[in-house]
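Would you mind keeping the following structure in view while I ask a few things?
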Amino acid sequence: MATTADDYVFYNGRKLRKGFTTGTTATAAAVAATKTLLQQEPQTVIAVTAANGQNAEFEVQDYEFDHQHASVAITKDGGDDQDATDGMLIYATVTLRDDDQITLDGGKGIGRVTQKGLANPPGMAAINPTPRKVITQGVRDVLGAKRGANIVISAPEGEKVAKLTYNPKLGIVGGISILGTSGIVTPMSEESWKHSISIEMNIHRERGDERLILTPGNYGEDFLTQEMKIPVTQQVQMSNFVGYVLKEAQRLGFKQVLLVGDLGKMIKVSAGIFSTHSKDADARAEVMVANLALLGAPVDLLKQVYNCLTTIAMIDLIDQAGYQAVYQQIVDRIKLRSEKLLAHREPQVAIEAVIFSRGTGLLAATRPLTEIEDEWR
């Protein structure tokens, strides 16, 4: 199929090819299986319309059929967005019914929902509403109004691949999800990542949680569990999306938030930088120098800290010079900045913060650490 400008996106000066979601891939497999079944001959190439109206063309990778059912496999093509599902086979098996109804379910390798708060209720296959609609409509267009069919989507490698996705944290067991609101995968897009975090947070609210612990990543989670001895049952990894996740916590109605993170990430938040990826902002040295200057640190120390490449190196100099009070100043600013971000909307969210270094351990907390630990255990 010929490509157009719409098939690409530019990111940081690179031209990246767009791809297709598991939802569009499953739609192609289901439509191909239906045509194979009705025509009683294999399809080599199948064209479908993605959820956003864009045309999509796929090669059929595997098939089998008889007079009652057909099964077809399509390869998931994520373009230049190499996610966990890229390159895996998505199968659709279509079986004719005696009435005009169409049913859709997940088979081997497609996850099952086990918790409230997701797009589908517990017990249902993890085929989200938009792809569910597009798959069903695609098959209906081929079948016509008077015939019906049972559709089963499967993925032989789904259970293994799902371990590399958010599904285990979302309570989706046994396989991958069939996803996609537009049907198109945009390389380097952060929207799906943010959406997954929002879903996880919503699961916590649905089960009645009114408070939440947010960590940037695995280091924060390890400090939380190993040093603070607090279980992860109320914890969500927010990645670099600090501002987005704080606003989501407020939107979902959480009353308390505890931020636990490494100084290298969290020092940016103390300066009101709420997207902490280095591609967006890296003012760690400037922020540290400003805080040390407010404590009256000598210019020689400020120059040395400013020239450090890592916060670990900064900490060594600060500790040697006896300016550890700067950590308390920074953690208090994290609380202040975070609460200010949410100040003009309801409900109010009480925020506390803990910062640490992987090399030296705890640096500071907005309240005595024992109080925070006792409250959250």
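FRET efficiency for residue 164 and residue 247, Cβ-Cβ distance as r, R0 = 35 Å, nearest 0.05?
0.80
Also, quick follow-up: Mind listing which chymotrypsin sites (Phe, Trp or Tyr not before Pro) in region 216-305 are in a DSSP loop and have 13 or fewer other Cβ atoms within 10 Å?
Loop-located and lightly packed - none at all.
Then there's this: Between residue 101 and residue 137, what length comes free when the chain is fully extended (0.36 nm per residue of separation minus the Cα-Cα distance, one decimal in nm)?
Result for the pair: 11.8 nm of gain on full extension.
While we're here: Expressed in nm to one decimal, what extension gain is obtained for the pair residue 222 and residue 45 from 0.36 nm per residue of sequence separation less their Cα-Cα distance?
58.9 nm
Moving on to the next point. For region 60-129, state which trypsin sites (Lys or Arg not before Pro) are in a DSSP loop and have at most 16 other beta carbons lying within 10 Å of their beta carbon.
97, 108, 116
Something else about it: Share of region 282-373's accessible area from carbon and sulfur, percent, 1.4 Å?
C and S atoms contribute 53 percent here.
Shifting gears a bit: Set the Förster radius R0 to 25 Å, insert the Cβ-Cβ distance between residue 280 and residue 233 as r into 1/(1 + (r/R0)^6), and round the FRET efficiency to 0.05.
0.20
Which whole-Hz ³J(HN,Hα) couplings does region 232-237 yield from phi under the Karplus relation 6.51 cos²θ - 1.76 cosθ + 1.60, θ = phi - 60°, glycine and proline marked x?
8, 5, 10, 10, 9, 7
Please compute the volume of the convex hull spanned by the alpha-carbon atoms of the chain and report it per residue in Å³.
Taking the convex hull of the Cα positions in the chain, it is 153 Å³ per residue.
Let me ask something additional. Quickly estimate the mean residue ellipticity at 222 nm for the chain, helices only: each DSSP H run with n ≥ 4 gives -39500 (n - 2.57), and the total goes over all residues, rounded to 500.
-10500 deg cm²/dmol
Along the three principal axes, how long is region 302-377 when you take its alpha carbons, biggest first, rounded to the nearest angstrom?
Taking the Cα atoms of region 302-377, the three principal extents are 43, 29, 18 Å.
What are the ³J(HN,Hα) values, in whole Hz, obtained from phi via the Karplus relation 6.51 cos²θ - 1.76 cosθ + 1.60 with θ = phi - 60°, for each residue of region 146-155 in sequence order, with x given for Gly and Pro?
My calculation for region 146-155 gives 9, 10, x, 7, 9, 10, 10, 9, 9, 8 Hz in order.
Then there's this: How much area per residue is accessible in region 242-286 when the probe is 1.4 Å and only protein heavy atoms are counted (Å²)?
Per residue, region 242-286 has an accessible area of 33 Å².
Any idea how far apart residue 62 and residue 86 come out in nm if each label point goes 7 Å out from Cα toward Cβ?
If labels sit at residue 62 and residue 86, their model points lie 2.2 nm apart.
Can you work out ³J(HN,Hα) from phi for every residue in region 100-112, in order, using Karplus 6.51 cos²θ - 1.76 cosθ + 1.60 and θ = phi - 60°, giving whole Hz and x for Gly and Pro?
9, 8, 10, 10, 9, 8, x, x, 4, x, 9, x, 10
Pull out the extension gain between residue 309 and residue 350, defined as 0.36 nm times the separation in residues minus the alpha carbon to alpha carbon distance; nm, one decimal.
11.4 nm
Still on this model: DSSP loop (so not H, G, I, E, B), at most 13 other Cβ within 10 Å: list which trypsin sites (Lys or Arg not before Pro) in region 196-253 pass both filters.
In loop regions of region 196-253 (DSSP not H, G, I, E or B), the sparsely surrounded trypsin sites (Lys or Arg not before Pro) are 207, 229.
When you have a sec, figure out the Kirkwood radius of region 194-244 from all distinct Cα pair distances and drop it here in Å to one decimal?
Computed over Cα pairs of region 194-244, the Kirkwood hydrodynamic radius comes out at 11.3 Å.
Right, next: Please work out the FRET efficiency for the pair residue 375 and residue 206, using the Cβ-Cβ distance as r and a Förster radius of 25 Å; give the result to the nearest 0.05.
The pair residue 375/residue 206 has a calculated efficiency of 0.65.
The values are calculated or read from the model by the stated rules, or taken from the named source; none is laboratory data. All figures in this text were calculated on a predicted structure; none of them were measured in a lab. Heads up, the Cβs are rebuilt from the backbone with ideal geometry, glycines too, and the neighbour counts pull from every protein chain shown. Side chains are part of the model used for accessible areas, which takes the heavy atoms of the whole protein and leaves out ligands, DNA and RNA. Shrake-Rupley method; radii C 1.70, N 1.55, O 1.52, S 1.80 Å.
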